[in-house]
Amino acid sequence: MNRLLRYTMLTTLLVCGCSTQGPHQEQRLEEVEATLQSGDLLFRRGTGLAGHVVATLDKEGHFSHVGLVVGDTADWRVVHAVPYEPEFEGDFDRVKCEPVADFLGRYPSAEFGLYRPLIEPQALERITRHALRLSRERVPFDHDYNAEDTTRLYCTELIEYLFHLEGYSLSEGRRTEINLTGFAGSYIFPSDVTQSSLLIPIY
């Protein structure tokens, strides 16, 4: 299969689709920001084609993208690995750190969820430091979606890697198998993370 086509298919499977402005976005943002803690996982799902594709393939899930919350009430941010969201001309697909308002506001009417890790605070603090380091290092986005190579990372792979650095596995070995003509593999989908016994849903 053509390499560009393969990338396009994978991106469609694992990244949110575009959506339009929702009527209660500001209220929703205020509600979720009032609940945040550093180290939380913030999931989102687009309402366009990609969101529907993920919902079809990921039978257990509701989301198509995830990031790690860092900061405090004065400046909540999300560290996430994402393609096709450049911050400036010449920017490349990479791990980045952006305000929660931007993370959720890019797809205003998207469904989203907040999950809290049930791990010791000291480990969670180190995980957030690891996340910030990777964003500063501008680790490239993994267009091959290869969870065995951590020099490049896709969204759920980033989360799994961050917690692995402290001895935890949020996926607990779960993988989503995809079998399409010309493309097959085993990937970490959002539901492979949300089902974790180490997470509790907050919002």
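The values are calculated or read from the model by the stated rules, or taken from the named source; none is laboratory data. Since the structure is predicted, the reported quantities are computational estimates derived from the model, not experimental observations. Note that we place each Cβ from the backbone using ideal geometry, even for glycine, and neighbour counts take in every protein chain shown.
Of all residues in segment 66-78, none that is farther than 20 Å from G113 by Cβ and of a type in the set (D, E, K, R) has its Cβ atom under 6 Å from the Cβ atom of a residue that is modelled with pLDDT of 95 or more and assigned to a loop (DSSP other than H, G, I, E, B), 6 or more apart or on another chain. Note on segment 105-153: residues that are at pLDDT below 95 and assigned to a helix (DSSP H, G or I) amount to 1. In segment 181-201, is there at least one residue being in contact (Cβ under 8 Å) with a residue 12 or more places away in the chain, part of a loop (DSSP other than H, G, I, E, B) and farther than 29 Å from R28 by Cβ? Yes, segment 181-201 contains at least one residue that is in contact (Cβ under 8 Å) with a residue 12 or more places away in the chain, part of a loop (DSSP other than H, G, I, E, B) and farther than 29 Å from R28 by Cβ. Tallying residues that are surrounded by 17 or more Cβ atoms within 10 Å (Cβ to Cβ) and touching a Lys or Arg at 6+ places or on another chain (Cβ under 6 Å) within segment 140-154 yields 2. Against the test of being free of Cβ contacts under 8 Å to residues at least 60 places away in the same chain, charged (D, E, K, R) and closer than 18 Å to L42 by Cβ, the options E160, E87 yield a single qualifying residue, E160.
Put simply, of E137, E125, E148, E111 the only residue that is among the acidic types (D, E) and closer than 18 Å to R45 by Cβ is E111. For segment 176-189, filtering for residues that are closer than 23 Å to L134 by Cβ and either among the acidic types (D, E) or touching a helix residue (DSSP H, G or I) at 6+ places or on another chain (Cβ under 6 Å) (or both) leaves 1. In summary, strands (runs of 3 or more DSSP E) completely within segment 34-104 and bearing 1 or more residues that are surrounded by 19 or more Cβ atoms within 10 Å (Cβ to Cβ), modelled with pLDDT of 85 or more and of a type in the set (K, R) occur at 41-45, 77-82, 94-99.
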